[in-house]
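**Q** First the structure, which I've put down as structure tokens, then a few questions once you've had a look.
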Amino acid sequence: MTDITSKIKYIGVDDLDIDLFESQYEVPNGMSYNSYVILDEKVAVMDTCDGRKGDEWKKNLKEALAGRTPDYLVVHHMEPDHASLVADMVAEYPEMQVVASDKALKMLPQFFEGIDIDGRSVAVKEGDTLCLGEHTLTFYAAAMIHWPEVIVSYDDVDKVLFSADAFGKFGALSADEDWACEARRYYFNICGKYGAQVKRLLDKLSKLDVNIICPLHGPVLSENLGYYLGLYNTWAAYEVETEGVLVAYASIHGGTKAAAERMAEILRERGAGKVAVTDLCRDDMAEAVEDAFRMGKMVVAAASYDGNVFPPMHDFLHHLQLKGFRSRRVAIIENGSWAPTAGRVMACMLDSMKDIEIVEPMVTIISRMKAEDEPKLQELADALLAE
Ligand SMILES: Cc1cc2nc3c(=O)[nH]c(=O)nc-3n(C[C@H](O)[C@H](O)[C@H](O)COP(=O)(O)O)c2cc1C
């Protein structure tokens with residue numbers, strides 16, 4: 001338990017036992033479920049915790065309360081990694097009121113059958129305030145970052161923003177790691193689709209004087225906030241963050257892999273900037289998605305499979321479709337032994353995304369790369385790098 005300011009305490013919990021966050025994201029350094037308590041004339045608990053760590057969280061809460069009773073539980077986001085203990089809190093503190101958006105209040109019985117908060121709920125919308133004594137919270141709608149019921153709140157005494165999942169990050173607080181790397185992987189995989197909504201929130205924040213950002217995952221941000229806001233502005237606008245190329249391949253027997261690796265070499269020889277190579281069958285899918293958004297250009301290379309494309313590539317492109325991948329140049333390499341189909345399928349999936357420029361000519365490898373394929377790869381690399 002740490003002090004964020006004289007009246008705001010951190011009561012969140014690190015989870016180092018979790019195998020996959022949201023049942024799909026590898027988190028080698030765990031996850032933090034952040035939660036805070038404001039101890040003013042009134043006491044406000046800011047979100048709860050994942051049920052996986054409920055006992056630890058309740059212990060932290062009790063310690064922070066030091067015998068006091070919460071007047072309000074503010075629910076910024078209803079996802080179970082933050083709201084699992086709302087029903088327990090409602091039962092334990094009969095005088096406590098639940099403060100949330102109208103949508104969140106409607107979601108409560110979906111998660112907690114029979115929960116009774118009649119006369120104990122405060123529905124808040126954009127611009128509403130909650131006075132705690134010295135501190136007053138102002139609420140802002142943050143719909144679709146990354147659920148529809150999300151709100152954020154701002155305390156103009158300590159200039160603290162409670163940002164819900166915005167500015168969140170994979171990794172427990174105990175992890176000593178670069179913020180941007182795991183925050184970017186988190187952002188594009190969790191919020192990537194909602195750039196327009198993130199941009200709207202950033203516009204609102206630009207009018208506030210924020211000194212401290214308290215997100216629901218990852219470290220509290222209190223220094224150099226311009227750096228974090230700058231990255232969020234780049235990401236929300238789908239702008240290129242790093243000049244370079246992601247080469248993503250899906251290969252059954254190694255032929256496509258050899259072509260992809262040769263393509264990466266050619267790109268490096270031509271000074272393409274950062275060239276990252278990912279094996280979609282083995283490497284972290286979330287990192288591949290992150291790198292696709294991070295860089296301005298991409299090469300996709302895949303084997304043909306049952307008149308379609310090898311499934312790991314289909315899975316990758318499907319992730320990009322879901323996350324709103326857009327505004328990038330993409331080159332295609334396909335492989336097949338009798339009737340190559342991978343290129344057509346990849347092009348079709350890419351065509352469904354916004355402002356994707358498919359660079360010609362696509363290269364077709366027949367089973368294994370031959371000498372005659374080398375100039376074709378060079379031509380494709382030149383076309384990809386030409387602006
Ligand atoms: C289950 C399976 C289905 C395949 N389907 C096709 C196909 O529809 N058309 C084709 O040309 N090759 C097909 N292939 C062959 C591979 O695409 C081809 O051998 C390719 O060279 C493999 O590339 P790799 O060495 O990168 O794995 C299939 C292979 C397997 C194992």
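The values are calculated or read from the model by the stated rules, or taken from the named source; none is laboratory data. No experiment lies behind these values; they were computed from the predicted model shown. Neighbour counts run over all protein chains shown; Cβ positions are idealised from the backbone, glycine included.
**Q** Name the residue, out of Ala302, Ala381, that is within 15 Å of Ala260 (Cα to Cα) and in a helix (DSSP H, G or I).
**A** Of the residues listed, the single one that is within 15 Å of Ala260 (Cα to Cα) and in a helix (DSSP H, G or I) is Ala381.
**Q** Pick from segment 147-166 the residues that are within 16 Å of Leu225 (Cα to Cα) and assigned to a strand (DSSP E or B): which of them is nearest to the chain's Cα centre (by Cα)?
**A** Phe162
**Q** Still on this structure: What single numbered condition from (1) within 22 Å of Glu239 (Cα to Cα); (2) buried (at least 23 other Cβ atoms within 10 Å of the Cβ) fails to hold for Ala302?
**A** (1)
**Q** Across segment 362-377, which residue is nearest to the chain's Cα centre (by Cα) among those that are part of a helix (DSSP H, G or I) and surrounded by 16 or more Cβ atoms within 10 Å (Cβ to Cβ)?
**A** Leu377
**Q** Follow-up. So, in segment 1-21, of the ones that are within 22 Å of the chain's Cα centre (by Cα), in contact (Cβ under 8 Å) with a residue 12 or more places away in the chain and part of a loop (DSSP other than H, G, I, E, B), which residue ends up nearest to Met96 (Cα to Cα)?
**A** Once the filter is applied, the top-ranked residue is Gly12.
**Q** Further question: Which of (1) closer than 29 Å to Met1 by Cα; (2) of a type in the set (Phe, Trp, Tyr); (3) touching a helix residue (DSSP H, G or I) at 6+ places or on another chain (Cβ under 9 Å) does Phe188 not meet, given it meets every other one?
**A** (1)
**Q** Would you mind finding the one in Ala303, Ala237 that is out of contact with any Leu (no Cβ under 9 Å at 6 or more places or on another chain) and within 14 Å of the ligand (Cβ to nearest atom)?
**A** Ala303
**Q** A follow-up question, please. Taking segment 223-274, which residues are without any contact (Cβ under 8 Å) to a residue 60 or more places away in the chain, in a loop (DSSP other than H, G, I, E, B) and small (Gly, Ala, Ser)?
**A** Ala237, Gly254, Gly271, Gly273
**Q** Further, regarding this structure: Across segment 118-136, which residue is farthest from the chain's Cα centre (by Cα) among those that are over 12 Å from Asp71 (Cα atoms) and buried (at least 19 other Cβ atoms within 10 Å of the Cβ)?
**A** His135
**Q** So, of the residues in segment 246-271 that are of a type in the set (Val, Ile, Thr) and more than 8 Å from the ligand (Cβ to nearest atom), which turns out to be surrounded by the fewest Cβ atoms within 10 Å (Cβ to Cβ)?
**A** Here the answer is Ile266.
**Q** Scan segment 22-52 residue by residue and report those that are part of a strand (DSSP E or B) and closer than 21 Å to Val160 by Cβ.
**A** Ser32, Tyr33, Tyr36, Val37, Ile38, Leu39, Val43, Ala44, Val45, Met46, listed by residue number.
**Q** Follow-up. Kindly indicate whether Tyr25 is under 17 Å from Ile8 (Cβ atoms), assigned by TED's automatic domain parsing to the domain that holds Val150 and hydroxyl-bearing (Ser, Thr, Tyr). Let's see the steps before the verdict.
**A** Details: under 17 Å from Ile8 (Cβ atoms): no; assigned by TED's automatic domain parsing to the domain that holds Val150: yes; hydroxyl-bearing (Ser, Thr, Tyr): yes.
When the stated conditions are applied, Tyr25 does not pass them.
**Q** Is it the case, given these coordinates, that Val90 is crowded, with 18+ Cβ neighbours inside 10 Å, assigned by TED's automatic domain parsing to the domain that holds Tyr10 and within 26 Å of Thr2 (Cβ to Cβ)? Before the answer, list the steps.
**A** On the way: crowded, with 18+ Cβ neighbours inside 10 Å: yes; assigned by TED's automatic domain parsing to the domain that holds Tyr10: yes; within 26 Å of Thr2 (Cβ to Cβ): no.
When the stated conditions are applied, Val90 does not pass them.
**Q** Any residue in segment 197-218 that is at pLDDT 95 or above and within 16 Å of the ligand (Cβ to nearest atom)?
**A** No, there is no match, as no residue in segment 197-218 is at pLDDT 95 or above and within 16 Å of the ligand (Cβ to nearest atom).
**Q** I would also like to ask the following. Just wondering, is there one or more residues in segment 281-293 that are within 16 Å of the ligand (Cβ to nearest atom) and crowded, with 20+ Cβ neighbours inside 10 Å?
**A** Scanning segment 281-293 turns up no residue that is within 16 Å of the ligand (Cβ to nearest atom) and crowded, with 20+ Cβ neighbours inside 10 Å.
**Q** Only one residue in Met298, Met313, Met346 is within 11 Å of the ligand (Cβ to nearest atom) and under 27 Å from the mean Cα position of the chain (by Cα), so which one is that? Outline the logic, then answer.
**A** Numbers: Met298 fails: within 11 Å of the ligand (Cβ to nearest atom); Met346 fails: within 11 Å of the ligand (Cβ to nearest atom).
Exactly one of Met298, Met313, Met346 is within 11 Å of the ligand (Cβ to nearest atom) and under 27 Å from the mean Cα position of the chain (by Cα), namely Met313.
**Q** Which of the residues that make up segment 318-331 are crowded, with 24+ Cβ neighbours inside 10 Å and either within 16 Å of the ligand (Cβ to nearest atom) or assigned to a helix (DSSP H, G or I) (or both)?
**A** The answer is Leu320, and nothing else.
**Q** Look through Asp55, Asp81 and report the one residue that is surrounded by fewer than 21 Cβ atoms within 10 Å (Cβ to Cβ) and outside any loop (DSSP other than H, G, I, E, B). If you could, list the steps in order and put the result at the bottom.
**A** Details: Asp81 fails: surrounded by fewer than 21 Cβ atoms within 10 Å (Cβ to Cβ).
Within the list Asp55, Asp81, the selection yields Asp55.
**Q** Can you confirm whether Val359 is part of a strand (DSSP E or B), in contact with a Leu (Cβ under 6 Å, 6 or more places away or on another chain) and within 16 Å of the ligand (Cβ to nearest atom)?
**A** Answer is no for this residue.
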